[in-house]
Amino acid sequence: MSDLIFDFYFFKTSMNTNDEVKKINKYSKKKNNIALFSLKQIKGRGRINKKWISEKGDLTCSYFINKDFKINDLGNINLWFTFILLSSLRRKFPKKKIKIKWPNDIYIENKKLAGVLIETNIVKNKIKSLIVGLGINFVSSPNNLDYETISVNSFSKEVNPIGFFLYFTKEISESLCILEKKNIDKKDKKFLQSFKDFGKSINIKKNGKIIKGIFYGLGDNGEIILKKNDKLHLISYGDIV
C-alpha cells in the first residue's frame, strides 16, 4: 500500500463521510490527502441537497484531495472520477452492463447502483481542494424514490465494500498522478457509449424547467450537449428525468 497517496481513516459509524474528511483536514497539520471509509453512514447526501440512503454493508466513503485545480475543470473532474468508478465496477463485475447516467451516477439495467458527489473549496477563483464522496449499494436497494435502484448482492456474492474501497483508492491514486497530463477524449465514441442515454431522446430538468433533445455529446468542460431542431444546446447542470 506504500504507493498510495492517501492517509487512511476507518469509522464504524459516521454522520456524513464528506463532513468527516473536512473535519480531519481542518485539524491536521500534515494536510495530506485523506481516504475515509465508514461501515455505516447516518446522513448521506447526494447532488442538489438530495439524500443518499444507505445501510450497514453498503459502501460509503470519501476522499479529501489537497490539490489545486482550475475552476473550469470541475465538470471534467466530475467526469474523470465517475469514469474511474465505472471502470472499476466493470472490472469487478464484467458480466454486467454498467453505465453512467450523466453527470455522476452509475446504473445497471436502468437501475441506480452508485453515485459520486464532489464538493470544492474555492479561493480566489481557484479550486484549492476537493472532496469526492462515493456511495455504492452493496446490500440495500432503497424504495420510494423517483428512480429504481439495484444492489450488488442481487447479482453477485462478492459483497466486500471495504475491499472495493481499498481497490478504488489505488485506482484514484494512480489516476491523480496522470490527471494533469491526460484528458478524457469526450468525442471518443467508446467513451460516449459509456453513458446510458447517449444518442437517445432525453428530458433534462433544470431550474424547474424541462429541456428536451437528443443526447448528442459532451462539451469541453463536461457539459451535456443536446441536439434539438438541428441546433446544439450546451447544458452544464441538471437532472435527466
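When the residues of region 101-110 are narrowed to those that are touching a strand residue (DSSP E or B) at 6+ places or on another chain (Cβ under 6 Å) and farther than 18 Å from Leu59 by Cα, which ends up most open to solvent (accessible area, probe 1.4 Å)?
For region 101-110, the residue satisfying everything is Lys101.
Of (1) of a type in the set (Ser, Thr, Tyr); (2) surrounded by 14 or more Cβ atoms within 10 Å (Cβ to Cβ); (3) without any contact (Cβ under 8 Å) to a residue 60 or more places away in the chain; (4) farther than 25 Å from Lys126 by Cβ, Thr82 satisfies all except one. Which?
(4)
Go through region 195-215 and give me each residue that's modelled with pLDDT under 95 and of a type in the set (Gly, Ala, Ser).
If the condition is that a residue be modelled with pLDDT under 95 and of a type in the set (Gly, Ala, Ser), then Gly208 is the only one that fits.
Only residues that are without any contact (Cβ under 8 Å) to a residue 24 or more places away in the chain and of a type in the set (Phe, Trp, Tyr): list them for region 196-241, please.
Listed by number, the residues that qualify are Phe198, Tyr216.
Kindly indicate the residue of region 1-27 that is open to solvent by less than 30 Å² (accessible area, probe 1.4 Å) and either assigned to a loop (DSSP other than H, G, I, E, B) or without any contact (Cβ under 8 Å) to a residue 24 or more places away in the chain (or both) and also farthest from Ile131 (Cα to Cα) among those meeting that condition.
The residue in question is Leu4.
Going by the conditions given, is Leu134 in a strand (DSSP E or B), among the hydrophobic types (A, V, I, L, M, F, W, C), under 21 Å from Ile224 (Cβ atoms) and modelled with pLDDT of 90 or more? It would help to see each step written out before you state the result.
Details: in a strand (DSSP E or B): yes; among the hydrophobic types (A, V, I, L, M, F, W, C): yes; under 21 Å from Ile224 (Cβ atoms): no; modelled with pLDDT of 90 or more: yes.
Answer is no for this residue.
When you look at Asp73, is it over 18 Å from the mean Cα position of the chain (by Cα), touching a residue at least 60 places away in the same chain (Cβ under 8 Å) and under 30 Å from Leu218 (Cα atoms), yes or no?
no
Hey, could you check region 182-193 for residues that are touching a residue at least 24 places away in the same chain (Cβ under 8 Å) and part of a helix (DSSP H, G or I) and say which is nearest to Phe81 (Cα to Cα)? Step through it out loud before you land on a result.
Narrowing region 182-193 to residues touching a residue at least 24 places away in the same chain (Cβ under 8 Å): 183-184, 186-187, 191-192.
When the remaining residues are screened for being part of a helix (DSSP H, G or I), the result is 191-192.
On the way: Phe191: 14, Leu192: 15 Å.
Looking at residues that are touching a residue at least 24 places away in the same chain (Cβ under 8 Å) and part of a helix (DSSP H, G or I), I get Phe191.
Would you point out the residue of region 143-159, among those that are surrounded by 15 or more Cβ atoms within 10 Å (Cβ to Cβ) and not in a helix (DSSP H, G or I), that is farthest from the chain's Cα centre (by Cα)?
Ranking the candidates gives Val159 first.
Kindly indicate which of Lys51, Lys92 is surrounded by fewer than 19 Cβ atoms within 10 Å (Cβ to Cβ) and within 18 Å of Ser140 (Cα to Cα).
Of Lys51, Lys92, the one residue that is surrounded by fewer than 19 Cβ atoms within 10 Å (Cβ to Cβ) and within 18 Å of Ser140 (Cα to Cα) is Lys51.
Yes or no, residue by residue, for (1) β-branched (Val, Ile, Thr); (2) closer than 28 Å to Asp239 by Cβ; (3) touching an Asp or Glu at 6+ places or on another chain (Cβ under 6 Å):
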residue	(1), (2), (3)
Ile24	yes, no, no
Lys31	no, no, no
Leu36	no, yes, yes
Lys56	no, no, no
Phe69	no, yes, no
Leu79	no, yes, no
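The values are calculated or read from the model by the stated rules, or taken from the named source; none is laboratory data. Not measured: the values here are computed from a predicted model. Positions of Cβ are backbone-derived with ideal geometry, glycine not excepted, and every protein chain shown enters the neighbour counts. Side chains included, ligands, DNA and RNA excluded: accessible areas come from the protein's heavy atoms. Shrake-Rupley method; radii C 1.70, N 1.55, O 1.52, S 1.80 Å.
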